Amino acid sequence: MNKAIEEIAKVELHCHLDGSTSFELIRQLAEEQGVNLDESKLFVSSQCDGLDDYLQCFDEILKVLQTKDSLKRAVVDVAKQAYKDNVKYIEIRFAPLFHMDQGLTMTEVLEAVASGIDEARHTVGIGVNLLICAMRQHHAEQNQALFDFIHKHNHEAIRGIDFAGPEVGFPTETIEDTIKYGLDLGFNLTLHAGECGCIHNVIEGIKLGSKRIGHGVAINQDKAALQFVKENDVLLEMCPKSNIQTKAITGLKALNLPYLLEHGIPFLINTDNRTVTQTSLNEEYELLMKNELMTLEQIKHINKRAVRYAFLTEDEKMNLLLKM
Ligand SMILES: [Zn+2]
């Protein structure tokens with residue numbers, strides 16, 4: 001691993017709790033809980049033919065993330081991995097509804113994850129906050145009830161909402177009312193969009209008020225759409241290895257990073273799912289450097305710039321910048 005990359009202070013804004021829980025912890029939890037896991041299903045296969053296929057891995061991982069203890073430990077585990085990447089601040093996202101299969105209430109899920117955040121902040125020593133994922137494929141009432149709940153729960157670590165899940169079949173118009181509902185409650189919004197080739201989903205998301213876009217890669221070759229991103233001061237949360245696996249891009253060059261850098265289009269590199277994708281943040285940057293798509297100076301620059309797009313208060317951003 002390139003030492004110079006390791007030493008760069010980083011921010012990570014797109015990282016899923018379930019998909020990033022380490023293999024070691026998943027295996028340990030399965031043993032403790034007496035769950036028979038098919039370990040070959042925990043990682044994306046080399047034959048992955050797209051996002052729907054990629055999302056299958058989560059079903060296996062979620063089997064062991066149905067208790068308060070496992071959720072708390074998963075948060076600490078992901079924070080520790082980020083710490084190894086020299087991440088100073090991470091926003092970890094998760095979908096509470098996926099952790100209620102064995103009887104946990106929404107309150108218990110949120111309290112367990114929040115206690116993991118507390119422990120991670122005190123013992124791992126990095127800044128950690130949460131994003132709550134609604135799912136594109138869930139009914140509007142279900143997603144609105146989720147937003148109502150977290151609004152009432154009002155935990156300081158919850159800094160924003162997201163919509164994840166399959167884009168094909170659930171374009172941004174179908175979730176428009178629910179997006180507005182969440183924004184009206186005062187939540188910051190980041191949105192998975194443009195992962196399945198649809199430029200329209202990204203543009204609509206930004207028009208609705210999304211401050212960041214998860215992936216967004218469909219627009220990376222479209223100069224007008226990129227200009228729209230810049231004018232609206234929206235950050236693209238890119239996840240290169242994951243994008244290759246889901247076939248969202250044909251290769252790293254398709255990210256068009258030199259163009260984005262040259263034209264000041266805001267973006268950041270993230271892992272998406274450390275375990276499912278088999279990656280770390282250092283590995284993602286190393287891959288980009290090896291392919292001569294970014295320099296060390298540019299990596300430093302985009303990480304510092306990303307502080308501005310973190311869902312933090314102005315004071316918190318100032319404090320974070322001192323560590324960058
Ligand atoms: Zn994602």
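Is there a residue in the range 6-13 that is within 16 Å of the ligand (Cβ to nearest atom), at pLDDT 95 or above and outside any strand (DSSP E or B)?
no
Hey, among LEU29, LEU25, LEU65, which residue is within 22 Å of the chain's Cα centre (by Cα), surrounded by 18 or more Cβ atoms within 10 Å (Cβ to Cβ), more than 16 Å from the ligand (Cβ to nearest atom) and outside any loop (DSSP other than H, G, I, E, B)?
Unique residue meeting the criteria: LEU25.
In the range 1-17, how many residues are surrounded by 15 or more Cβ atoms within 10 Å (Cβ to Cβ), more than 17 Å from ARG308 (Cα to Cα) and among the charged types (D, E, K, R)?
1
For ASP49, only one of the following conditions fails: (1) outside any helix (DSSP H, G or I); (2) charged (D, E, K, R); (3) modelled with pLDDT of 95 or more. What is its number?
Only one criterion in (1) outside any helix (DSSP H, G or I); (2) charged (D, E, K, R); (3) modelled with pLDDT of 95 or more is unmet by ASP49, namely (3).
Among the residues of the range 201-237, count how many are more than 16 Å from the ligand (Cβ to nearest atom) and closer than 13 Å to GLU176 by Cα.
Of the residues in that region, 6 qualify.
Going by the conditions given, is THR250 surrounded by fewer than 19 Cβ atoms within 10 Å (Cβ to Cβ), modelled with pLDDT under 95, over 21 Å from ILE90 (Cβ atoms) and more than 16 Å from the ligand (Cβ to nearest atom)? So that I can check it myself, show each step before the final result.
Details: surrounded by fewer than 19 Cβ atoms within 10 Å (Cβ to Cβ): yes; modelled with pLDDT under 95: yes; over 21 Å from ILE90 (Cβ atoms): yes; more than 16 Å from the ligand (Cβ to nearest atom): yes.
Taking the combined requirement at face value, the residue satisfies it.
Find the residue count for the range 153-188, including only residues that are away from the ligand (no atom under 16 Å from the Cβ), within 26 Å of GLY50 (Cα to Cα) and surrounded by fewer than 21 Cβ atoms within 10 Å (Cβ to Cβ).
5
Does GLU111 satisfy the condition of being surrounded by 17 or more Cβ atoms within 10 Å (Cβ to Cβ), acidic (Asp, Glu) and assigned to a helix (DSSP H, G or I)?
Spelling it out, GLU111 is indeed surrounded by 17 or more Cβ atoms within 10 Å (Cβ to Cβ), acidic (Asp, Glu) and assigned to a helix (DSSP H, G or I).
So which of ARG93, ARG73 ends up being basic (Lys, Arg) and under 18 Å from HIS192 (Cα atoms)? Reasoning before the result, please.
Values: ARG73 fails: under 18 Å from HIS192 (Cα atoms).
Just one listed residue meets the conditions, ARG93.
Cβ-Cβ under 8 Å, sequence separation 6+ or interchain: first residue in the range 274-299 and free of Cβ contacts under 8 Å to residues at least 24 places away in the same chain and at positive phi, partner assigned to a loop (DSSP other than H, G, I, E, B) and among the small types (Gly, Ala, Ser). Which pairs?
Pairs that qualify, where the first residue is free of Cβ contacts under 8 Å to residues at least 24 places away in the same chain and at positive phi and the partner is assigned to a loop (DSSP other than H, G, I, E, B) and among the small types (Gly, Ala, Ser): there are none.
Taking LYS223, is it more than 19 Å from GLU173 (Cα to Cα) and either in contact with a helix residue (DSSP H, G or I) (Cβ under 9 Å, 6 or more places away or on another chain) or among the small types (Gly, Ala, Ser) (or both)?
yes
Given the criteria in a strand (DSSP E or B) and away from the ligand (no atom under 16 Å from the Cβ), does LYS88 qualify?
yes
The values are calculated or read from the model by the stated rules, or taken from the named source; none is laboratory data. Predicted model only: the values in this text are computed from it and were never measured. We place every Cβ from the backbone using ideal geometry, glycine too, and count neighbours over all the protein chains shown.
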